[in-house]
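Quick notes on the structure that follows.
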Amino acid sequence: MAASIVVTAVALGVLAADRWMQYRARPLPPSYYTVTAPAPRAPDEVIRAVFSPAISLAELQAILDEAQLRIVSGPTAAGVYSLAANSDRPVNASLALLRRHAAVRFAESTRPESAPSDSP
């Protein structure tokens, strides 16, 4: 009888040790989670802008630095520059900064904004 108790105790010990090893081997879930993810910037997202012909290069660079934009092409024969973002700033924020300056005659994104839904 004593031998069967010892065998049972050893079997339970081995089983408990096996379960413990399986538990420790599993990766624990993170103690946090994120509820938002940044929207990826479209690789072809460009702002088209036309500046006053009287603008100096220093003024143009100051406006672009403030809006965190860089020139990727231009000016065309019509004076249109193509501008791309230097940061994660939303395009709408950069457009608002451009449009605030009197030297900017036209500024528009090449990516249409999503239309607001008509849901109640």
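The values are calculated or read from the model by the stated rules, or taken from the named source; none is laboratory data. Note that this is a predicted model, so its numbers are computed, not measured. As a convention, Cβ positions derive from the backbone with ideal geometry for all residues, glycine included, and neighbour counts pool all protein chains shown.
Considering only residues in the stretch 79-98 that are out of contact with any Gly (no Cβ under 8 Å at 6 or more places or on another chain) and surrounded by 15 or more Cβ atoms within 10 Å (Cβ to Cβ), the one that is farthest from A62 (Cα to Cα) turns out to be V91. Annotation note: of V14, V7, V50, V35, the sole residue that is β-branched (V, I, T) and at pLDDT below 85 is V35.
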